[in-house]
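Here is the structure we will look at, set down as structure tokens.
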Amino acid sequence: MKKTALLLILALSLFGENLHVSNGSVAAHTQMMMDSTIDPVNSSLKGDIVIDGKDITTMQGKFWVDMNLFVSDEKDRDKNMYKEIETDKFKLATYTISNVKKAEAEGSYTIEGTLNFHGKEKPLNAKAKIAQKEGAFFLEANSAILVSDFGIKMPCMVFMCVRDQVDLVVKAELK
């Protein structure tokens, strides 16, 4: 059985190109109701992706970020965010691609996958623009999550609460 699995892995590597994130980020936008926006960014996106030739719809693999590396314009708020999402217990958030579908617009795709965040896995689809230039793939994907789906309650101050929805923008250069 081990020999068969090893042969399958070796065969797949012959047909697919292994790509890594050479430059990438995740921006997470939310806001406090009737107040201000909250826009932490993590510029340390990592990923291991396999693609068969230049066919983007064959893309498979995983992206991940260290949750302690999200930074906004307020350090105190960042410390509170780390506490609320328990970065000491749940250091990484990962996204595993299960399927990529071509959309109507040129260079547009829907990426289907699973987000593992705060110890819970949930399906997550993203609208993406993917292009290939000079031997690299450039990806920009947009999606949104409700943090309550992952067991997190957003903080409130008196009657002003942080919005439950977080809009995500992922940018990656894959080489």
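The values are calculated or read from the model by the stated rules, or taken from the named source; none is laboratory data. Keep in mind that this is a model prediction, so the values were computed, not measured. Ideal geometry is used to build each Cβ from the backbone, glycine not excepted, and the neighbour counts take in all protein chains shown.
Points to keep in mind about this one:
- Any hit, the range 28-39, residues being surrounded by fewer than 17 Cβ atoms within 10 Å (Cβ to Cβ), under 19 Å from TYR109 (Cα atoms) and not hydroxyl-bearing (Ser, Thr, Tyr): no
- Just one residue in the set ASP76, ASP66 is modelled with pLDDT of 95 or more and not small (Gly, Ala, Ser); that residue is ASP66.
- The requirement of being in contact with an Asp or Glu (Cβ under 6 Å, 6 or more places away or on another chain), assigned to a strand (DSSP E or B) and closer than 26 Å to GLY53 by Cα is not satisfied by ASN142.
- When we screen LYS89, LYS127 for residues that are at pLDDT 95 or above and farther than 19 Å from ALA27 by Cα, the only hit is LYS89.
- Residues in the range 130-175 that are among the charged types (D, E, K, R), under 16 Å from the mean Cα position of the chain (by Cα) and within 30 Å of GLY16 (Cα to Cα): GLU140, LYS171, GLU173.
- Among (1) out of contact with any Lys or Arg (no Cβ under 7 Å at 6 or more places or on another chain); (2) on the phi < 0 side of the Ramachandran plot, the one test that GLY61 misses: (2)
- Cβ-Cβ contacts under 9 Å between residues 6 or more apart (or on different chains), taken from a first residue in the range 47-58 that is within 14 Å of ALA103 (Cα to Cα) to a second residue that is basic (Lys, Arg), are listed as ILE56/LYS102; THR57/LYS101; THR57/LYS102.
- Within the range 66-125, the residues that satisfy the criterion of being surrounded by 12 or more Cβ atoms within 10 Å (Cβ to Cβ), assigned to a loop (DSSP other than H, G, I, E, B) and hydrophobic (A, V, I, L, M, F, W, C) are PHE70, ILE85, PHE90, ALA103.
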